[in-house]
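Heads up, the thing below is written out as structure tokens.
Since every read-out is calculated from the coordinates, none of them should be taken as a lab result. Since this is a predicted model, take the numbers as computed values, not measurements. Glycine gets a Cβ as well: all are built from the backbone with ideal geometry, and neighbour counts include every protein chain shown.
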Amino acid sequence: MSYVVLARKYRPRTFAQMVGQEHVVQALTNALTQQRLHHAYLFTGTRGIGKTTVSRILAKSLNCTGPDGRGGVTAEPCGVCQACTEIDADRYLDYIELDAASNRSIDEIRDLIERAAYKPGIGRFKVLMIDEAHQLTKDAFNALLKTLEEPPDYLKFVLATTDPEKMLPTVLSRCLQFNLRPMAPATVRAHLQQVLAAEGVPADDGSLRLLARAARGSMRDGLSLADQAIAYGGGQLVEGVVRAMLGSVDRGHARALVEALSRRDGAAVLAAVDGLRGLGLSAAGTLEEMAMLLQQMAVEQAVPGALDAQEPELADVPALAALLAADETQLLYSMVLHGREELSLMSDEYGALTMVLLRFLAFPSAAGAPASRGTPTTRVEPEREAAPARGAPLRAAAPPAMTLPTVAVASRAVPPPPPATMATTATATTAAMAPAVAAPTAAYEVAAASPPAPAAAVVPSASGERWASLVLRLCEQGAVAALVRELAMQAGLRLVDELATPPRWHLVVEREALRTLALRDKLVAVLAAELGQVIVLELESGVPDDTPARREAAARQRRQTVAEEAIRNDPVVRELMTQFKSARIVPGSIKPV
């Protein structure tokens, strides 16, 4: 006996066997039980979710005669009478299926209408089923309209389509429409587990989860993939084998990329992409896995504990959710989702994947720190011929070798310095240069420039302190995000008119893009909830002297200054500078931690 594929072998024969379409099954069951039968039905939905199956079960329900041959219309066809068995075998005289994908012209529809003029030969009703009905031509639809609107009592129309938007409104208005939904991965996985158990095929949870996800809501696709996996795995389903067959990307790769991006570690991102290239894993599959992981992280951030703790692949989601702010998670999700469309625009998909991921590093972190350029290291470089800086004073130096002195910083009392990182370079005179050094020659020393003055100077005020503390509290609570947070950070509080009813707050905002009604209304709602009273917010044009953003920038500058002094006064650094006379601290390499 020839092998029957799983999708056909386990096709539902009754409404009770249908999976994942309870809303359709309930409506049709009630209609059949109450004998409230429509003359035309339209089933819509994506491929492989049961449109044709529902049509055949409906035809059996209309024509079933029961085991004793005396039954009538029923919601539970017996499955043993002539009508039930012959419809299942696709040879029932009064059930006609027409594939509109290959029979779409007006001639085929005219032939169908002629056949519909004759009463049922053996059944109670003649059922005409048109699959992929949206592919009928306009003339074919028009030829069908009159019969579709006023068919004979013995005639029932069933139309199925994956694209109802392409059907004529006049056809849609004549049909009772049911939308079959894509099935959840959990539903597909549960059904696959039952089918494979019935087939005696061993399968682990990981392989079932991969197949259910790859089915994308289609039970038929899930069963077809299971057939393929059984052949590929030699009669058993193991997660690693199924993953290799599907070309799926392991969750570990997505996790590593999210962790690297949260640290703003560009070097780790590039290393991870190179690893994917070496393994031959799909760039599109990587972004899809990242999108799924980020979606789960967003759910955990919005509703902690909402995810199923029993799922093994969700065990690390809470820890990952803590690495990114909620708005950063949403931003990265959007970049990853739209980045899949960009992969085909470049011949090297891994190069395109790199650009999609590095795009996130162009945005500052939630704490306001700029994107990292990798972990700084201490490196020793051979001496290169250096030229004096333009405009720097030149003076003779006694030592024959060129030196680059460190920048002197006036000593002063400072609080305990925070941890800091740095990079240094040291130049060394090679043995080959010894003859040149022996003779005293004039050398030049580059005068050190003074450190730049801090940007974004703050003029503190009482109203500024009040506004900064309020905004900081809102940010810590996560009450403001995205552009609303930007408006709050960039605004300066000029005054609060407490005598007005309700109180009127006046904010000075420089950027016109932030002075919008939508952003103002959102900020008013947040402030009213925090203050416990209704307020009126006035956004005024101008340059504020005291804003939370300016205070934050000034604080960063103070931390930077303290960190630089800590590095320069560090005994190890001073020893290094003493040992290598031409050593210098690389400008811009010191970052407070």
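See the values below:
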| quantity | calculated |
| --- | --- |
| Spherically averaged projected area in nm², based on the convex hull that wraps the Cα atoms of region 1-143 | 9.8 |
| Note, ³J(HN,Hα) from phi for region 558-563, Karplus 6.51, -1.76, 1.60, rounded to Hz, x at Gly and Pro | 5, 5, 5, 4, 4, 5 |
| Under 13 Å, Cβ to Cβ, from G206 - net charge with Lys/Arg +1 and Asp/Glu -1 | -1 |
| Label-point separation, R473 to D308 (7 Å along Cα→Cβ), nm | 4.2 |
| Spacing of the two label points (7 Å from each Cα toward its C-beta) at K146 and R8, in nm | 4.0 |
| Gyration tensor (alpha-carbon) shape descriptor, region 179-309, a/c threshold 1.5 | oblate |
| Distant-in-sequence amide H partners of L176 (H built 1.01 Å from N, under 5 Å) | A40, Y41, L42 |
| Residue order, fewest to most surrounding Cβ atoms within 10 angstrom, among E465, E150 | E150, E465 |
| Distance between modelled label sites at D111 and A267, nm, 7 Å Cα→Cβ extension | 7.2 |
| Linear extension gain, V572 paired with D163, 0.36 nm per residue minus alpha-carbon span | 140.1 nm |
| Paramagnetic reach from D227 (point 7 Å along Cα→Cβ, amide N under 20 Å) across region 1-44 | 1-14, 18-19 |
| Amide H within-cut-off set for I130, under 5 Å, with H built and near neighbours excluded | L98, V158, L159, A160 |
| Residue-span extension gain [Q17 to S463] - 0.36 nm each, minus C-alpha spacing | 153.7 nm |
| Per-residue HN-Hα couplings for region 127-134 [Karplus 6.51, -1.76, 1.60; θ = phi - 60°; Hz; x = Gly/Pro] | 10, 9, 10, 10, 8, 6, 4, 5 |
| Theoretical gain in end-to-end length, I96 to R243 [0.36 nm per residue, Cα-Cα removed] | 48.8 nm |
